[in-house]
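This report concerns only the one structure given below.
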Amino acid sequence: MRYEEFYQRSIEQPEVFWAEQAQRIHWHTPPQRILDTSNLPFRRWFAGGTTNLCYNAVDRHLEARGGQLALVAISAETGVTRELTYRELHREVNTFAAVLGSLGVGRGDRVVIYLPNIAEAVFAMLACARIGAIHSVVFGGFAAHNLALRIDDAQPALLIATDAGMRGGKVIPYKPLVDAALEEATHKPPHVLIVDRGLDPQMTRVADRDLDYASLRASYEGAEIPVEWLESNEPSYLLYTSGTTGKPKGIQRDVGGYAVAMAMSIEAIFDIHPGDVMFSTSDVGWAVGHSYNVYAPLIGGATSLLYEGLPTHPDPGIWWRLCERYGVRTMFSSPTGIRVLKKQDASWLKKCDLSKLKWLFLAGEPLDEPTAHWITEGLGVPVIDNYWQTETGWPALTLMPGLDLKEVKFGSPGLPAPGYRMKVIDEVTGDELPPNQKGVLVFVPPLPPGCLSTVWRDDERYVTSYFGHFKELLYSSLDWAIRDENGYTTILGRTDDVINVAGHRLGTREIEESVATHPACAEAAVVGMQDELKGQVPVVFATLRQGVTEEAVDVAKGMQQRVVDQLGKVARPARIYVVNALPKTRSGKLLRRSLLALVQHTDPGDLSTLDDPGALDEVRRALERGPEQGA
Ligand code: AMP
């Protein structure tokens, strides 16, 4: 079917369309109702149906493709590659599920998973799904404070962690961060299950609390744990993401809707069919990792490559050698990953036989045209920019080569995916704008299957954060966008105080709060400055408390260290300026947009609400002087 027809059906006859798509997965009991919109903006997909993500991702394939590779977990860091068939994956997941059961974890319990891209992360996720426990994977690059916030919100019955990860040949200990997080968190799960990779011989254990996965695995090896059939709208997992406040939001995913969205998108968008090979370079801690490293390729009966390491280590040919070795058909990465490679010799792209590679998808941040051209020419395959959010769980704007490939227009992630009814509206009036005018990208509810069902234990936050912006009930993407006559949409950046560093979403508020924990700090403002490699990087402006005698440069160093320790290296400020005043409105709101304009030498915009014009001069002087601390 062609894209136009597919999309139109999803909009004009959503129930018919999604009932058809629902046949792609196994239902233990079929849905009684395809779509229940009696309580918008909440909606219930496939109400009354029962199913299970793990069953669809693993058990269902045992008969037809039990001997086919399901998961290939490659660590370019340790040099270890693990290849698991569906049958082997089934065994590992059952064993893991038995271990979970032995620790008292059951349906509805939360499990926080703090692991790098190793096979056990996939086993743990699928094992949770199998028994109806709700996993919440926390990105390994996040440090103790971020982990503590998530533990306190999710209140897990168990934390799963490891001794260490590795990056560029360096061991990155995880366990000290776990200990620090559990020190800080109010909620203390009774156990920490440790997948000991033997990378950190200095790892310490807390007696009784910390358990060794390998020993428990040995005790439960070969166990068979029955699948827990869940109602389609029960929560399957939580994935925390940044918003405008310092407190991350627990994006809650359902079971049935998500399974159907995964099954449909892996074929219709990503052109992956049973037996094909998909390589997504994402971390399991991100939305792409959940959907296109774990659930979608497995639900689709494909082989999924999971990769721990950098694109350039041991050399910049590593990704392409993997594509050649495993016959990858669809690759999925981020613009930053490609920009890193672009700094290397283009001949690395030509050394391998990539005849099986058909598509490269890139998502998570804007794809700049020079990078898009460079990689398209280098690989000789279509490069498909797709736009999504942690909230959507799968692409919202994309081209769909699994149906038919529409024209690739560099700079635009393309056309709406099935089920997304989109508009670009005026920020103030909420009226729909004609083509080629900049406005806010919104989705008309109900949101399609797979998108968030709510914010964990905070329905009100779901309604106010996403649907509370306009007179009409509309989901605000919180992104500026412009759409041409043909529906091709271009994303122009966030409308809120969220920044995107190398595809990692960070709230400026979170970084400000972290900087402000420094005893010398009176107040901090963070903006996202444009950066050639990472898209954006955080820049801090801080005022100091009265009577501080410490040198500004030392204070700035201390602030930078705090951010790294509390939030992780991803959030490390590229520059820190110490100033005497910050620009604010008369009502006391920080004028981050004007600050950013000064940093980037653009027009600071409307300054009529500025309380103290001297504050801007102060910032200008600081910029001329140079930062107290650079990256
Ligand atoms: P995250 O929730 O971390 O996936 O971040 C979502 C945000 O990343 C979106 O709201 C956009 O601001 C940005 N984003 C994701 N994909 C794209 C893309 N293809 N083009 C431009 N911005 C993107």
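Nothing in this text is a laboratory measurement; each read-out follows from the coordinates by a stated rule. Note that the coordinates shown come from a computational prediction; the quantities given were computed from them, not determined experimentally. Neighbour counts are summed over all protein chains in view; Cβ atoms, including those assigned to glycine, are modelled from backbone coordinates with ideal geometry.
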At most 15 other Cβ atoms within 10 Å and a DSSP loop assignment: could you name the chymotrypsin sites (Phe, Trp or Tyr not before Pro) in the range 338-410 that fit?
Phe410
Can you tell me, using C-alpha contacts under 8 Å and at least 6 residues apart, the relative contact order of the range 428-549 as a whole percent?
18
Label-point gap, in nm, between Gln23 and Ile11 - each point 7 angstrom along Cα→Cβ:
2.5
Could you calculate the contour length gain from Thr186 to Lys342, that is, 0.36 nm times the residue separation minus the distance between their Cα atoms, to one decimal place in nm?
51.7 nm
Report the residues of the range 297-328 in range of a label on Glu83: point 7 Å along Cα→C-beta, backbone N strictly under 17 Å from it.
302-307, 321-328
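How big is the dipole moment of the chain about its Cα centre under a simple scheme where the beta carbon of each Lys and Arg is +1, that of each Asp and Glu is -1, and everything else is neutral? Debye, nearest 20, please.
500
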222 nm [θ] for the chain, helices only, -39500 (n - 2.57) per DSSP H run of 4+, per residue, to 500?
-8500 deg cm²/dmol
Tally Lys/Arg at +1 and Asp/Glu at -1 over every other residue whose Cβ is under 10 Å from the Cβ of Glu628; what's the total?
+1
In the range 281-380, trypsin sites (Lys or Arg not before Pro) in a DSSP loop with at most 15 other beta-carbon atoms within 10 Å
Lys343, Lys351, Lys356
Backbone HN-Hα couplings from phi across the range 179-192 [Karplus 6.51/-1.76/1.60, Hz, Gly and Pro as x]:
4, 5, 5, 6, 5, 6, 5, 7, 7, 10, x, x, 9, 10
Going by average Cβ density within 10 Å per residue, which order do the peptides 530-539, 147-156 take, highest to lowest?
147-156, 530-539
The range 432-499 to the range 187-259: how many Å between their Cα centroids?
31
Can you list which of the trypsin sites (Lys or Arg not before Pro) found in the range 15-123 are DSSP loop residues with at most 10 other C-beta atoms within 10 Å?
none
Between Gln629 and residues 5 or more places away or on another chain, which pairs have amide H atoms under 5 Å apart, with H built 1.01 Å from N, and which residues are they?
Ile576
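With contacts defined as alpha carbon pairs under 8 Å and 6 or more residues apart, what's the relative contact order of the range 41-96 in percent?
Here the relative contact order equals 30 percent.
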P(r) histogram, all alpha-carbon pairs of the range 1-63 included - 10 Å bins from 0, percent
19, 41, 32, 7, 0
How high is the relative contact order of the chain? Use alpha-carbon pairs under 8 Å, at least six apart in sequence, and give a whole percent.
12
How much length is gained if the chain between Asp565 and Gln155 is pulled fully straight, taking 0.36 nm per residue apart and subtracting their Cα-Cα distance, in nm to one decimal?
145.4 nm
Cross-link candidates for Lys358: which lysines have Cα within less than 25 Å, leaving aside residues fewer than 8 places away along the same chain?
Lys342, Lys343, Lys350, Lys406, Lys409
By how many nm would the segment from Cys352 to Thr602 lengthen if fully extended, with 0.36 nm per residue of separation less the alpha-carbon distance?
85.6 nm
HN-Hα couplings for the range 514-531 via Karplus (6.51, -1.76, 1.60; θ = phi - 60°), in whole Hz with x for Gly/Pro, come out as 5, 4, 6, 6, 5, x, 8, 7, 8, 7, 9, 10, 10, 10, x, 8, 4, 9
Rounded to 5, the percent of DSSP beta bridges in the chain classed as antiparallel
60
Net charge, Val192 excluded, C-beta distance under 12 Å - Lys, Arg +1, Asp, Glu -1:
-2
Given the pairs Lys175/Lys569; Lys471/Lys589; Lys170/Lys351, which span a C-alpha to C-alpha distance of over 20 angstrom in this model?
Lys471/Lys589; Lys170/Lys351
Two pseudo-spin positions, 7 Å from Cα along C-beta at Asp315 and at Thr609, lie apart in nanometres by 5.6
Once both labels are modelled 7 Å past Cα along the beta-carbon direction, what's the Glu4-Arg209 spacing in nm?
6.2
